[in-house]
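Let me begin by presenting the structure, written as structure tokens, before commenting on it.
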Amino acid sequence: MPERRTVALVTLGCARNEVDSEELAGRLAADGWELVEEAADADVAVVNTCGFVEAAKKDSVDALLEAGDLKAAAGEGGGRTQAVVAVGCMAERYGKELAEALPEADGVLGFDDYADISDRLRTILSGGVHVPHAPRDRRKLLPISPAERQGAAVALPGHGDAAATASAPADLPDGVAPASGPRAPLRRRLDTSPVASVKLASGCDRRCSFCAIPSFRGAFVSRRPSDVLGETRWLAEQGVKEVMLVSENNTSYGKDLGDIRLLETLLPELAAVDGIERVRVSYLQPAEMRPGLIDVLTGTEKVAPYFDLSFQHSAPGVLRAMRRFGDTDRFLELLDTIRARAPRAGVRSNFIVGFPGESEADLAELERFLIAARLDAIGVFGYSDEEGTEAATYEHKTDPETVAERLDHISRLAEELTAQRAEERVGETVRVLVESVGGEDGPVGRGAHQAPETDGQTFLAGLTDSSQLSAGRMVEAKVVATEGVDLVAEPPPDVVRGCSESEEAGA
């Protein structure tokens with residue numbers, strides 16, 4: 001019997017990439033590959049790259065070079081790695097150009113290759129050559145009308161396809177399953193976290209002047225509610241307690257299915273899935289927020305009152321140059337509306353400073369908004385040109401030194417303001433999803449206002465015995481202190497006894 005080939009998936013970038021990696025893992029495991037955690041232990045190291053901004057692209061290149069070093073060491077008898085393959089957004093965005101610039105990669109695979117990932121890797125391992133694709137604008141692969149996009153024969157990572165699912169083995173390995181229906185992607189979890197992302201849609205129809213994502217992710221396409229529900233049920237069976245809905249723009253969900261309010265219908269159904277304790281929605285566009293969606297996000301049990309709002313700036317002139325809408329006062333009115341329904345709602349956002357034409361007055365306007373907004377988490381980025389974007393052609397560029405100064409200034413302000421916002425939560429009772437218990441910090445989790453990896457953590461303190469706590473537990477705890485954006489919270493004295501009793505009852 002031939003030795004099973006091993007493969008490691010190295011994932012960079014956002015939660016959408018994590019979902020794509022688990023789809024690739026599912027396809028590979030279903031076709032007999034053995035998945036390993038470390039690239040050094042794999043015959044093939046597959047690097048799922050990010051192509052969003054320069055820093056992310058650099059990280060992706062570094063990861064490919066590191067994998068190339070493992071391959072070189074193996075060639076000298078010091079390891080196992082025989083091939084390095086690039087997938088993901090950077091691979092899709094640059095294709096042949098990336099392959100020529102980075103000979104350390106034995107293959108550069110685009111989204112169209114995902115359905116045949118196993119064959120592609122076998123070809124590369126056997127010394128064959130896979131010709132990388134020429135980059136193209138994926139928006140042009142789908143009809144202009146959203147209503148005509150469903151069922152189009154275009155590769156959409158995370159959406160699945162009837163042919164690939166139908167050809168999968170009838171007896172799938174443990175932990176690998178189509179999440180639902182004939183179009184569901186094969187998926188295999190790559191960790192045991194009680195949190196998992198679920199792709200709600202792919203692509204984006206917005207034309208923000210600074211963003212290249214639609215050109216390589218394509219136009220907006222929703223997944224069908226039955227597929228999203230089926231995948232969530234499957235994840236719950238794998239022990240997942242919190243699902244985070246991800247896409248380039250969740251507020252547009254359903255517009256190509258004939259119902260722009262479909263998210264308001266879907267969220268209560270997801271929250272009712274047996275085993276799911278929290279549903280979180282990410283990537284919301286302020287200009288597309290509507291009263292009904294705010295009501296569902298703030299008033300549905302098990303749906304986190306959490307608003308990941310993509311403000312980007314608040315000075316109206318800068319926003320118009322970005323091809324976006326709103327201003328400081330409108331954004332503050334939106335936050336007032338949210339907090340009138342859920343005073344403890346979590347709100348995060350990202351901002352770009354140094355955009356072409358940004359004046360000192362514009363920066364002051366952004367500061368005015370940040371001070372008044374009371375955001376829980378703030379990401380700040382300095383503007384840099386992205387090839388292929390409208391903003392890259394703008395005149396009146398802010399010089400790099402000024403961009404760096406503004407980035408430093410707003411970042412320090414953001415750090416101070418988010419720490420103050422955390423302090424406002426002292427005395428609150430938060431519902432914490434425990435994510436780890438064995439580290440030197442003791443039990444650690446996140447409250448409803450804290451998304452994975454971006455918004456801080458909650459440390460559970462004051463426990464005389466936390467041995468009965470386990471990852472995936474929901475614990476109510478009172479916030480007693482803060483450490484920057486992180487919270488320190490104490491559960492009630494009987495929390496461990498309650499956990500133990502619950503375990504005995506379920507035995």
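A few comments on the model shown:
- Ordered from highest to lowest accessible area with the whole protein assembly present and a 1.4 Å probe, Leu257, Leu366 read as Leu257, Leu366.
- In this structure the amide hydrogen of Asn350, modeled in the peptide plane, comes within under 5 Å of the amide hydrogens of Phe311, Gln312, Gly379, none closer than 5 places in sequence on its chain.
- Accessible area of Tyr283 in the full protein assembly, 1.4 Å probe (Å², nearest 10): 70 Å²
- By average C-beta atoms within 10 angstrom, highest first, the peptides 40-46, 423-429, 413-419: 40-46, 413-419, 423-429
- Surface composition of segment 210-270: carbon plus sulfur atoms hold 46% of the accessible area, using a 1.4 angstrom probe and ignoring ligands, DNA and RNA.
- Size of electric dipole in segment 318-415: Cβ of Lys, Arg +1 and of Asp, Glu -1, about Cα centre, debye, nearest 20: 760 debye
- Counting Lys and Arg as +1 and Asp and Glu as -1 over every other residue whose Cβ lies under 14 Å from the Cβ of Arg421, the net charge comes to -4.
- Carbon and sulfur %, accessible surface of segment 273-406 computed with the full protein complex present, 1.4 Å: 51 percent
- Here segment 75-130 was treated as a single set of alpha-carbon atoms; its pair distances binned every 10 Å from 0 give 24, 53, 21, 3 percent.
- For segment 1-135, projected area of the alpha-carbon convex hull averaged over all directions, nm²: 7.7 nm²
- Listed residue (Ile294, His313, Pro343) projecting farthest to the positive dipole end of segment 292-350, Cβ model: His313
- Computed from phi, the 3J(HN,Hα) profile of segment 331-348 under the Karplus parametrisation 6.51, -1.76, 1.60 (θ = phi - 60°) reads 5, 5, 5, 4, 5, 4, 4, 4, 6, 5, 8, 8, x, 9, 4, x, 9, 10 Hz, with x in place of Gly and Pro.
- Around the Cα centre of the chain, unit charges on the Cβ atoms of Lys, Arg, Asp and Glu (plus for the first two, minus for the last two) sum to a dipole of about 1620 debye.
- For segment 27-68, the Cβ-based charge dipole about the Cα centre amounts to some 280 debye (Lys, Arg positive; Asp, Glu negative; other atoms uncharged).
- P(r) histogram, all alpha-carbon pairs of segment 260-355 included - 10 Å bins from 0, percent: 15, 45, 28, 11, 2
- Per residue, the solvent-accessible area of the chain (1.4 Å probe, heavy atoms of protein chains only, all protein chains present) comes to 42 Å².
- Computed as a quarter of the hull surface, the mean projected area of the alpha carbon convex hull for the chain stands at 24.9 nm².
The values are calculated or read from the model by the stated rules, or taken from the named source; none is laboratory data. As the structure is a prediction and not an experimental result, all values here were calculated from the model. FYI the Cβ positions are ideal-geometry reconstructions off the backbone, even for glycines, and counts take in every protein chain you see. Remember, those area values only see protein heavy atoms, side chains included, never the ligands or the DNA or RNA. Shrake-Rupley method; radii C 1.70, N 1.55, O 1.52, S 1.80 Å.
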